[in-house]
Amino acid sequence: MSDPTAPPRKMPALLALALGTLLSVLVAGLLHDWERREAQEQVRQGAQDRAEVLRGQIMRSMEVLHAIASLYETRVDVSRAEFSKFVADALARQPELQALAWDPRVPGAERGTWEQRAHDEGFPAFHFTEELDDSTLIPATTRAEYFPVFYLETLQRNAAAFGFDVGSEPRRRRALEQARDSGQVIATASLRLAQEPGSQLGFLVFQPLYEGTPTSLEQRRAQLRGVRTSADLEPGRDAPVLLIAGRATVEP
C-alpha cells in the first residue's frame, strides 16, 4: 500500500518541465534584449558613420558658397554666363550638390524689372513663383520683397525651381532670415525641393551677401543684397544630404 504522504511519481518530471520552461523564458528574454541592444548599436554606428561622411560634404559645399561670395565681392555685377562658368567645376566635382543658385533680394516694386531682365536674357516664360500646399507652382502673390531663384545651375535638371521665391515658404523664409540676421551660413530642415517631384526630400543652405560690411543687426537687414544657395538631396533616396558642421547651423 502506497504512502499517501509521498510525493507523486510524476513530480520530478513536472519540476523539470517547469524549470525548463522558466529557463527557456529567461533565455528568450535575454536573447531579445541582446538583439535589441545590438540593433540599437548598429543604428547608432550607422548614424555616426553617415554623419562623418556628411560633415565632409557640408564643408565642401560651404567652400563653394564662400568662393561664390568672393566672386560677388570682387565684382559689382555678375552676369548669368559668369555665374554658370564659375560654378560648373564645383557641380561636376561634387555630385552631392543638386544645384547652386543666386537669389537676389527684390523689392516688390522692382518685380517687373527683374522679370523683364530674365526675358531679355532669353527666358521669356520666367516669372516669380510660389508653391501651393499640393506642390503646384503658381505666380507669386504680391508682397513687400522677393528672393527669386534668378541664377540657377544646372538649369536643365532644376528648371521647376527657376523663379521660385524662397521667401514665400515659411521654413525657407526662417532659414533665410536667420542667415540675414547672423551673417552666417544657415540650412533649412528637411523639405521637398521645388525642383524635385513626388516625395524626394533635401534641404537648402543659405549664405547672405551684403552691400558693404554691416556690423549690426539693423545694418545687416538693410544692406542684404541676396543669398547664395546650394540645394542638396537627402540620403536614402539615391543621393546624399548636407549635414551642417563648422559655422553652419541647422534651422529647426
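On full extension of the chain, what length is gained from H32 through S84, given 0.36 nm per residue of separation minus the C-alpha to C-alpha distance? Present the calculation step by step, with values, prior to reporting the outcome.
Working: separation 52, 0.36 × 52 = 18.72 nm, distance 5.61 nm.
Extra length from H32 to S84 when fully extended: 13.1 nm.
If you stretched the chain out fully between F123 and L22, how much longer would it get, using 0.36 nm times the residue separation minus the C-alpha to C-alpha distance? Provide the component values of the computation, followed by the final result.
Details: separation 101, 0.36 × 101 = 36.36 nm, distance 7.65 nm.
Here the segment from F123 to L22 would lengthen by 28.7 nm.
Note the full-extension length gain between V76 and S182 as 0.36 nm times their separation in residues minus their Cα-Cα distance, in nm to one decimal.
Details: separation 106, 0.36 × 106 = 38.16 nm, distance 2.32 nm.
Contour length minus the Cα-Cα distance gives 35.8 nm.
Read-outs: derived from the displayed coordinates by stated rules, not from any lab. Here the structure is a predicted model, which is why all the values come from computation and not from measurement.
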